[in-house]
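One structure is given below, encoded as structure tokens.
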């Protein structure tokens, strides 16, 4: 999200613990507020050995991919070299047109730039006359950048050497232009070799995912009847670790994103403009009032939410989720996350299964940025008249963002902050697909052919508007794929293109071949269920 000069107050991971775990006591502002306790409903594990690898070979198409790899890499570079920063409306229309033109060049019979109340969407349809129709969700927008923080300029799309191989470093390299264009490379190769695709494809892309997808429902409104005829949804995604292991993801948390604003007014504080800082002796501060309002929402360590009712609707672990968490907890310590993010420890020293429970079932309350007054070089002694913060709340299954917003408003009113304004910027609920969905099973078979499926996660802590498919349209969704990438929303974002010799991670060629397999595997599963 775009923001003014801001700083992170603190990163809050969560508030829900496994019932068997005793945490150290810590100060809270309301003694009646305690952590919710959730117990796993099963002690069983899920046998990853049940996954049957896809065995078919499509050698002619694989050969075409190998021969076309330089051109395919150039396609990825074309995409990442086109800025499309949704928060700043930089390059958005140009990127939408680029996507539409690429779909037409591949052979989609229908391509269209679709207006919304915000940034345009892109529609594409490829009619293969097949028994199965796959809907592909795409996002063509990216996060803002601070170019000075990058090792390679964020929109040059250069190849950069790493000790594990050569990576494409650029904003959007892995989130999500790289894997999305790799998927299009794969279908282009299938068409060039066989003349058509094994499945029909619908593509409905948006340019506002990084804004919380506020207008994606408008796109679904337009194509809802046709989308309901699809058999499932794919979101191309890099899911491999650098050791080659692949994590299957079944869902996402929902999100509520808002701004809080404190202005001087009848309660006190300057109401028209900043004033000389010496007047703090007799004048209230909107900035300090905003800080107090935010602080009232949590315990002093920031890890227990004190907004009444905020945890009430979290859906407890299902048997399937319990089995997956038990399996993951057998060898997961959290050290990989700590190393990746430069962490010394998780909150309260949590590790292993206890940390996983928080990650999967926590309702969070996080300050993304806060600003007020003068933050430039040198000295300017003022008392600002306005202070603003951006905040987000990640919502597990069962929690409705509109209800959470109502609870936040009530909390501020009850605790003496009726003047603090809340402006909702985005919000949608969580989404999840059952493990036994044929789409998921077919995809896991393809993953198992090319990589080691190390774990299956019920959901990730991040958010995407997948509820539009799983809840509204009743469609199963897969958002996984081969390949490694990291740095989403951060400097030096990359996607691995050419792994070093002996690596178990898929490079661009293997990523594209796995998407070829996936389409044929889905077509096969559709024919078997007829």
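Bear in mind these aren't lab numbers, they're just calculated from the coordinates by the rules spelled out. None of these values were measured; they are calculated from a predicted model. We place every Cβ from the backbone using ideal geometry, glycine too, and count neighbours over all the protein chains shown.
Does the range 57-113 come out rounded, prolate or oblate by the C-alpha gyration tensor, with a ≥ b ≥ c the root eigenvalues, rounded set by a/c under 1.5 and, if not, prolate when a/b is larger than b/c and oblate if not?
Because a/c hits 1.5 or more and a/b fails to exceed b/c, the range 57-113 counts as oblate.
Kirkwood analysis of the range 466-512, using all unique Cα-Cα pairs, places the hydrodynamic radius at 13.0 Å.
Helix content alone sets the calculated 222 nm mean residue ellipticity of the chain: runs of n ≥ 4 DSSP H residues at -39500 (n - 2.57) each, divided across all residues, give -9000 deg cm²/dmol.
Relative to the longest principal axis of the Cα atoms of the chain, the long axis of helix 401-414 lies at roughly 10 degrees. Evaluated on the range 27-123, the Kirkwood hydrodynamic radius is 19.4 Å, with distances taken between all distinct Cα atoms. In the distance distribution for the range 322-362, Cα-Cα pairs more than 16 Å apart total 32 percent.
Dividing the Cα radius of gyration of the chain by 2.2 N^0.38 Å, with N the residue count, gives 1.01. Could you compute how fast the range 386-456 diffuses translationally, taking Rh as the Kirkwood radius over C-alpha pairs and applying Stokes-Einstein at 4 °C with viscosity 1.567 mPa s? Give it in µm² per second. Calculated translational D: 81 µm²/s.
Where a ≥ b ≥ c are the square roots of the eigenvalues of the C-alpha gyration tensor, would you call the range 177-240 rounded, which needs a/c under 1.5, or, failing that, prolate if a/b is larger than b/c, or oblate? Oblate, since a/c reaches 1.5 and b/c is not below a/b.
Shape annotation for the range 310-439: C-alpha extents along the principal axes are 58, 35, 30 Å, from largest to smallest. Taken along its principal axes, the alpha carbon cloud of the range 90-209 reaches lengths of 49, 40, 20 Å, longest axis first. Across the alpha-carbon atoms of the range 181-324, the computed radius of gyration and Dmax are 25.2, 79 angstrom.
Rg/Rh for the range 246-354 (Cα atoms only, Rh after Kirkwood) is 1.15.
Which angle between 0 and 90 degrees, to the nearest 10, do you get for helix 508-528 versus the longest principal axis of the chain when only C-alpha atoms count? So the inclination is approximately 80 degrees. Relative to the longest principal Cα axis of the chain, at what angle does helix 69-81 sit, 0 to 90 degrees, rounded to 10? Around 20 degrees separate the two axes.
DSSP bridge analysis restricted to the chain gives an antiparallel fraction near 70%, rounded to the nearest 5. Kirkwood hydrodynamic radius of the range 96-136, from the reciprocal of the average inverse Cα-Cα distance over all distinct pairs: 11.1 Å. Quick one: Debye curve from the C-alpha atoms of the range 285-338, no solvent, what's log10 I(q)/I(0) at q = 0.16, 0.19, 0.24, 0.26 Å⁻¹? Debye curve over Cα of the range 285-338, log10 I(q)/I(0) at q = 0.16, 0.19, 0.24, 0.26 Å⁻¹: -0.78, -0.86, -0.93, -0.96.
The per residue volume of the convex hull around the alpha-carbon atoms of the range 212-291 is 229 Å³. Our summary of shape: the Cα atoms of the range 380-530 have principal axis extents of 62, 45, 21 Å, ordered from largest down, in whole angstrom. Here the peptides 373-379, 478-484 are ranked by packing, the mean other Cβ count within 10 Å, and the order with the highest first is 478-484, 373-379.
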